[in-house]
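Beneath this line is the structure, given in C-alpha cells, with notes to follow.
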Amino acid sequence: MQKKLPVGILGATGMVGQRFIQLLEHHPWFEVAWLAASDRSAEKPYGEAVKWRMRTPLPRNVAEMKVSPAGPKGAPKIIFAALDADIARELEPQFADAGSAVVSNSSAWRMHPNVPLVIPEVNPDHLALIDDQTWRKQSGGFIVTNANCSAIGLVLALAPVHQKFGIEKLFVSTMQAVSGAGYPGVPSIDILSNVIPFIKNEEEKMEIETRKMLGTLKGHEVELAHFGMTAHCNRVPVEDGHTESVSIAFKKKATAEQIVEAWTSFRSLPQELKLPHAPAEPVLYDTRHDRPQPRFDVDRGNGMSSTCGRLRPCGLLDWKFTVLSHNTIRGAAGAALLNAELLKVKGYFS
Ligand SMILES: NC(=O)c1ccc[n+]([C@@H]2O[C@H](COP(=O)([O-])OP(=O)(O)OC[C@H]3O[C@@H](n4cnc5c(N)ncnc54)[C@H](OP(=O)(O)O)[C@@H]3O)[C@@H](O)[C@H]2O)c1
C-alpha cells in the first residue's frame, strides 16, 4: 500500500476547516498531519479548541492533535487553507514561499493573473498558471484556489451548456445557507424567519470568478469569458446548500432536451481519472416540479454534484432553471480536495 501524503489545514477550527477534517478522515491518499488556527486556538488540543459542528464524530486522533501557530515552521508540503481573505492575503504566500502547495478557499489570491481558479471538471488546464508563480520558481511552493461557494455550483451547471451553446447573458439570484458565513456566522436573531438581501462582496465575486473559470487560457493568462452577467445574493435560514435561480440566453439556439442532455451527460477529467472525490455525475437534473431543495438534495453525489431542476422558458432571456449545491463540500473543502487530487495525479506534489 502507498504511504499517504501528510497534509496540513490552516484555519482548521472554522466551518470549512472542520469539513476538511471530516472529508479527509478516510482519504486514500492524504492524511491530516498538522492543524493551525488563530492565537486563540494555538497550543490547545484540537478537540478543546474547536466547536465541532459536523454530524459525524470528530476523529479521535485529530481531537488529540495540538493546534499549531499559523506559520510555515513545521508545516507539511501540502496545505489546505480555510482562512478569511484578509488573513489569507498575508499568510498564504508565507507558506508558498516556504515551499508548500497551498490549496486555498479564500478569495485573497483568486483573481491574481498567475493563480489558477479551478474546478477540475471545468478548467483543469488553468493549473498551468502555477508554473509562472515566483514561489514555484524559487521554492517549489505555489497557490491554487477554488471559487466562491455560489460560483462553483453555478459554474458546474453552466460549463456543459456554455461549451455547447455559448452563454450570451446570465441573471442569477442566490438563496445562500448560513454555514456559508462561517462559524458562528450570522446571529440567529438576524436570520430566523428572515431573508437578508446582502452578503458583502459576494455579487462582485460571483460575477468575476464565473467569467475567470469559464475563461480561456491564452499563453500565460486567462481571458475572461465574454458574456453579460448580473448576480443578486441573499442569505436565507438554511443550514447547508446554496440554491440559485438562473435565467440564461445562449448564442446558439438550444432546446430543453438538449440542455438537459448536456447536463446529464457531462463527464470530465476527474471522472476519467476516477479521483476519490469526483462525483460519478457532476451535474444532475431532477424532473420533479418542486426540486431541488436543500433539505433533500444537498448531499447528492456526496455533496459534490450540482443539482439542476425546473428548466423552463424564460420571458426575458431564453431559459430559466434552479441549481443547488453544497456550499461547504462542493463549494469549499470538497472543491479544494478535488483540486489537490488532480494536482497529485498531475505530479505537482512530487
Ligand atoms: N463557509 C463556506 O461555505 C465557504 C465556502 C467557500 C469559501 N469559504 C471561504 O473559506 C474561508 C474560511 O471560511 P469559514 O467559513 O471556514 O470561516 P470561519 O468558520 O470563520 O473560520 C475561520 C478560521 O480561520 C481561523 N483564523 C481566524 N483568524 C486567524 C488568524 N489571525 N490566523 C490564523 N487563523 C485564523 C479561525 O481560527 P480560530 O477558531 O482560532 O479563530 C478559523 O479556524 C473564508 O475565506 C471563506 O470566505 C467559505
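Solvent-accessible area of segment 60-155 (1.4 angstrom probe, protein heavy atoms only): carbon and sulfur portion equals 49 percent. With the whole protein complex present, His289 retains an accessible surface near 150 Å², based on a 1.4 Å probe.
Label zone of Glu272 (point 7 Å out along Cα→Cβ, amide N under 19 Å): in segment 102-140 this covers 118-129.
Going by the alpha-carbon gyration tensor, a ≥ b ≥ c the square roots of its eigenvalues, is segment 169-325 rounded (a/c under 1.5) or, if a/c is not under 1.5, prolate (a/b greater than b/c) versus oblate? Judged from the Cα gyration tensor, segment 169-325 comes out rounded (a/c under 1.5). Alpha carbon centre of segment 25-44 versus segment 132-174: separation in Å? Taking the Cα centre of each part, segment 25-44 and segment 132-174 sit 27 Å apart. Karplus-derived 3J(HN,Hα) values for segment 239-244, using 6.51 cos²θ - 1.76 cosθ + 1.60 with θ = phi - 60°, are 6, 9, x, 9, 9, 9 Hz; glycine and proline are entered as x. Here the dipole of the chain is about 420 debye; that uses its Cα centre as origin and unit charges on the Cβ of Lys and Arg (positive) and Asp and Glu (negative). One Cα centroid belongs to segment 56-120, the other to segment 188-205; the line between them spans 26 Å. Overall, the accessible surface of segment 247-350 at a probe of 1.4 angstrom is composed of carbon and sulfur to the extent of 49 percent. Couplings 3J(HN,Hα) of segment 203-211, computed from phi: 5, 4, 5, 4, 5, 7, 5, 4, 6 Hz, in residue order, whole Hz [Karplus 6.51 cos²θ - 1.76 cosθ + 1.60, θ = phi - 60°; x for Gly and Pro].
Sequence-ordered 3J(HN,Hα) estimates for segment 152-167 from the Karplus curve with 6.51, -1.76 and 1.60 and θ = phi - 60° stand at 5, x, 5, 5, 4, 6, 7, 3, x, 7, 5, 4, 8, 10, x, 7 Hz, glycine and proline given as x.
The distance separating the Cα centre of segment 298-350 from that of segment 218-261 comes to 12 Å. When Rg and the Kirkwood Rh are both derived from Cα coordinates, the Rg/Rh ratio for segment 119-245 amounts to 1.04.
For the chain, averaging the sequence separation of C-alpha pairs within contact (under 8 Å, six or more residues apart) and dividing by the residue count gives a relative contact order of 17 percent.
Between amide H atoms placed 1.01 Å from N, distances below 5 Å from Gly11 occur with Ala36, Ala37, Ala82, all of them 5 or more places distant or on a separate chain. Apply the a/c threshold of 1.5 to the C-alpha gyration tensor of segment 119-186 and tell me whether it is rounded, prolate or oblate. Because a/c hits 1.5 or more and a/b fails to exceed b/c, segment 119-186 counts as oblate. Over the chain, the pair-distance histogram of Cα-Cα distances with 20 Å bins from zero comes to 32, 59, 9 percent, rounded to whole numbers. When the Cα atoms of segment 4-111 are aligned to their principal axes, the ranges along those axes come out at 35, 30, 25 Å in descending order.
How big, in percent, is the set of alpha carbon pairs in segment 1-45 lying more than 18 Å apart? Tail fraction, whole percent: 29. The distance between label points at Ser193 and Met111 comes to 3.9 nm (points 7 Å beyond Cα on the Cα→Cβ vector). Simple spin-label estimate for Asp132 and His226 gives 2.0 nm between the two label positions (7 Å along the Cα-to-Cβ direction from each Cα). Accessible surface computed residue by residue for segment 236-350, with neighbouring protein chains in place and a 1.4 Å probe, gives 43 Å² per residue.
Less than 5 angstrom separates the built amide H of Ile167 from those of Lys251, all sequence-distant by 5 or more or on a different chain.
The values are calculated or read from the model by the stated rules, or taken from the named source; none is laboratory data. Everything numeric in this text was worked out from a predicted model, so none of it was measured. Glycine gets a Cβ as well: all are built from the backbone with ideal geometry, and neighbour counts include every protein chain shown. Heavy atoms of the whole protein, side chains included, go into the accessibility calculation; ligands, DNA and RNA do not. Shrake-Rupley method; radii C 1.70, N 1.55, O 1.52, S 1.80 Å.
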